[in-house]
Amino acid sequence: MSQAVKFAKNWAGYLGLGILLAVGGCSGVTDIGGESFEQQMVEARDAEAASSLGSIMRSQQVYFLEEEQFADNVQALQVGISPETDNYVYAVDLQNPQVAVMTATAKAPEQRSFTGAVYLIQEAQSGNITMQTKMCVGDAPGQTPPATPELVQSGDQFAAVCAAGSQAVN
């Protein structure tokens, strides 16, 4: 077989593979990974809530370091996040001076709601105060935020655990 024939066969194979990828790739524009456009929008809104709630939680930590107390509302944190957006309502609940709970409550029933907590922990031996945080998202869509994560102690270690019906956001 001549070099020209080998080249033509290889080129035809590459061309065929290219056409297959191009046609297959075009279908991915409207259906990435089998997800509908609507499902992709739901996931984008969930990501918005997780990002905003994470910013609120970090701002709560900074606020505590500066003011020696937690802020009791989103505006006091001056984080640039509105307490209410088109998709979520953000709120702060001070359960006690050592626990600040923040929520992102979905406005639409197809969205998931989120709960985050910042805990103050005083170390027994040193007396130093540290902070433990946890953000959880509801396992199912809903307009009620998950229950507050529980702070669990094992020996000298503390860990926040998401409540039943929710899972940790990493």
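The values are calculated or read from the model by the stated rules, or taken from the named source; none is laboratory data. Remember, it's a predicted structure, so these values are computed and weren't measured experimentally. Cβ sites come from the backbone with ideal geometry, for glycine too, and all protein chains shown count toward neighbours. These accessible areas exclude ligands, DNA and RNA; they are computed on the full protein's heavy atoms, side chains included. Shrake-Rupley method; radii C 1.70, N 1.55, O 1.52, S 1.80 Å.
Screening Phe114 against (1) among the aromatic types (Phe, Trp, Tyr); (2) over 14 Å from the mean Cα position of the chain (by Cα); (3) buried (at least 22 other Cβ atoms within 10 Å of the Cβ) leaves a single unmet condition, (2).
Answer yes or no as to whether Gln122 is free of Cβ contacts under 8 Å to residues at least 12 places away in the same chain, exposed (fewer than 13 other Cβ atoms within 10 Å of the Cβ) and more than 22 Å from the chain's Cα centre (by Cα). For Gln122, the condition - free of Cβ contacts under 8 Å to residues at least 12 places away in the same chain, exposed (fewer than 13 other Cβ atoms within 10 Å of the Cβ) and more than 22 Å from the chain's Cα centre (by Cα) - is met. Look at Gln111 and say whether it is in contact (Cβ under 8 Å) with a residue 12 or more places away in the chain, within 19 Å of Asp46 (Cα to Cα) and in a loop (DSSP other than H, G, I, E, B). For Gln111, the condition - in contact (Cβ under 8 Å) with a residue 12 or more places away in the chain, within 19 Å of Asp46 (Cα to Cα) and in a loop (DSSP other than H, G, I, E, B) - is met. State the number of residues belonging to the stretch 59-84 that are open to solvent by 80 Å² or more (accessible area, probe 1.4 Å) and either closer than 15 Å to Cys136 by Cα or in contact with a strand residue (DSSP E or B) (Cβ under 6 Å, 6 or more places away or on another chain) (or both). Number satisfying all stated conditions: 1.
For the stretch 91-118, filtering for residues that are more than 13 Å from Asn73 (Cβ to Cβ) and touching a strand residue (DSSP E or B) at 6+ places or on another chain (Cβ under 9 Å) leaves 16.
Do we find a residue being under 20 Å from Ala49 (Cβ atoms) and without any contact (Cβ under 8 Å) to a residue 24 or more places away in the chain anywhere in the stretch 92-106? Yes; the residues of the stretch 92-106 include at least one that is under 20 Å from Ala49 (Cβ atoms) and without any contact (Cβ under 8 Å) to a residue 24 or more places away in the chain.
Would you call Pro145 open to solvent by less than 50 Å² (accessible area, probe 1.4 Å) and assigned to a loop (DSSP other than H, G, I, E, B)? Answer is yes for this residue. Criterion first (open to solvent by 50 Å² or more (accessible area, probe 1.4 Å), among the aliphatic types (A, V, I, L, M) and at pLDDT 95 or above) does Val169 satisfy it? For Val169, the condition - open to solvent by 50 Å² or more (accessible area, probe 1.4 Å), among the aliphatic types (A, V, I, L, M) and at pLDDT 95 or above - is not met.
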